[in-house]
Amino acid sequence: MPQFAEFGPAAAWLKRHPQVRCVDLLLADLMGIPRGKRVTAAELEGVHGSGLLLPGSMFALDVLGGTVQSTGLGFDEGDADRVCLPIAGTLVPVPWLGADIAQMQVSMYEHDRTPFHGDPRHVLEGVVARFTALGLQPVMAVELEFYLVDRERTPAGHAQPPRQPLTGRREVKTQINSMQELDEYSAVLGAIAAAAREQELPVGTVLAEYGPGQFEVNLHHVADPLLACDHAIRLKRLVKGVALQHGMEATFMPKPYRDHAGSGAHLHVSVLDAQGRNIFAADDAAGSEQLRHAIGGLAATMNDAIAICAPTANSYRRFQPEAYVPLNPSWSVNNRGVAFRVPHGPPASRRVEHRIAGADANPYLLAAIVLAGMHLGLTRKLDPGPVLAGNAYRDATPTIPQSWPEALGVFERSEFAREYLGERFASLYAQTRRGEMQDFYSYVPAIDYDWYLTTS
């Protein structure tokens, strides 16, 4: 049985923050979108004891918040409630909403306190348990890219870069690692950093990325993948909230602009043994034999994972040659064009950087599928093939699924996904994604009229 959060630490926190009047209880759905309820601070003790009731259909929602009825979690079971219980250590202030609002993350359970099969956090717990059984501990850090966009759309309804706060200009060019971009947006980026400190998020560097108004935030590594993903969920809400406070919007949409770089979510993973030693460490820049086996597992399961790494129609617009998005299960040292990068650094820092996923991927599911691939590789001693040298796009012929329907079909047939994520969860995820996909493709977009109305 899992260990549940006790009220004592939360009570002590509330005593230190007497101005807090309400607490947002956040449940991350299949897409990682925070949903839940706002309760009074006085009700938080009851939530720790008896839980917060929310329907299981919270994990059968499409991205618009509608229930995908084919999952059986809607009308078929009367939209039945489950119990959501607080996650220890996640009670934090929400500075962009005011001093009287706090938030706390929750996870869903059945009424007998067994984990609900549809909650991605429990799915990740199950994968981590496989490492624990081997006497191993994954260490993980998350990098997230996002765009700041103008709250006003173009006349055609498209996103556009915001006017820069200092000059008033609208930047439309690529400015990789631009210090001027950092200067222009220093107020909002500073507010993001300040809010992260208040929420005790281990935020590191902030970089200006390739696109106009695009940035990357790095979270420091922690020896707990669940905690790393809790941090990522919290950071995404924080970035969006602070951006609104500064008159902009923040988006983790993978490809908001046709002609500019997409936004990804990169995972950095190493593995410690029972003595706390990094099993990937080696004087060889390519890492230890175990590191190569882990990459071998990732390469062997890459196609199975794409439906999780790229969960929406827009996700697939990132997969273009020479866009720093991998198209093949390649690996290399200090090469950002590959799927699985071994970053340069001292032997003790040897790790795998997984570079496939879009920023819209659910952090818990992304971590689960990545760790599952690494576990498969470690236990079966899989070979990743030779280290790629030079241009990863020299052969630009993609071997990964290039469309949402193709990726979802691969996932539905995947024995690997069912084995590591659970039969019930894999079915739930596939049904939910397929329901959303069918709705998406039923719409006729403006480009269809532009291209085909008079030519057909």
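The values are calculated or read from the model by the stated rules, or taken from the named source; none is laboratory data. Small disclaimer: the values here were computed from a predicted structure and weren't measured. For neighbour counting, all protein chains shown are included, and Cβ atoms are generated from backbone atoms with ideal geometry for every residue, glycine included.
Within the stretch 338-356, is there a residue that is of a type outside the set (S, T, N, Q), farther than 21 Å from Asn218 by Cβ, at pLDDT below 95 and surrounded by fewer than 24 Cβ atoms within 10 Å (Cβ to Cβ)? Yes; the residues of the stretch 338-356 include at least one that is of a type outside the set (S, T, N, Q), farther than 21 Å from Asn218 by Cβ, at pLDDT below 95 and surrounded by fewer than 24 Cβ atoms within 10 Å (Cβ to Cβ). A count restricted to the stretch 387-414 and to residues that are touching a strand residue (DSSP E or B) at 6+ places or on another chain (Cβ under 9 Å) and at pLDDT 90 or above stands at 1. Helices (runs of 4 or more DSSP H) fully within the stretch 383-456 that include at least 3 residues being out of contact with any helix residue (DSSP H, G or I) (no Cβ under 7 Å at 6 or more places or on another chain): 423-442, 446-452. Put simply, of Val239, Val188 the only residue that is among the hydrophobic types (A, V, I, L, M, F, W, C), closer than 26 Å to Phe319 by Cβ and surrounded by 20 or more Cβ atoms within 10 Å (Cβ to Cβ) is Val239.
In this structure, Arg317 qualifies as assigned by TED's automatic domain parsing to the domain that holds Ala368, among the charged types (D, E, K, R) and within 29 Å of Leu428 (Cβ to Cβ).
Here's the yes/no breakdown for (1) more than 30 Å from Thr154 (Cα to Cα); (2) part of a strand (DSSP E or B); (3) assigned by TED's automatic domain parsing to the domain that holds Ala159:
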site	(1), (2), (3)
Leu238	no, no, yes
Met253	no, no, yes
Val269	yes, yes, yes
Phe280	yes, no, yes
Arg292	yes, no, yes
Ile308	yes, no, yes
Pro311	no, no, yes
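Against the conditions (1) touching a Pro at 6+ places or on another chain (Cβ under 7 Å); (2) outside the structural domain of Pro329 (by TED's automatic domain parsing), Ser456 satisfies every one except (1). Of the strands (runs of 3 or more DSSP E) that lie entirely inside the stretch 21-129, those containing 2 or more residues that are surrounded by 23 or more Cβ atoms within 10 Å (Cβ to Cβ) and not assigned by TED's automatic domain parsing to the domain that holds Ala228 span 22-28, 81-86, 101-109. Restricting Gly422, Gly435, Gly377, Gly373 to those that are farther than 30 Å from Leu291 by Cβ and modelled with pLDDT of 95 or more reduces the list to Gly435.
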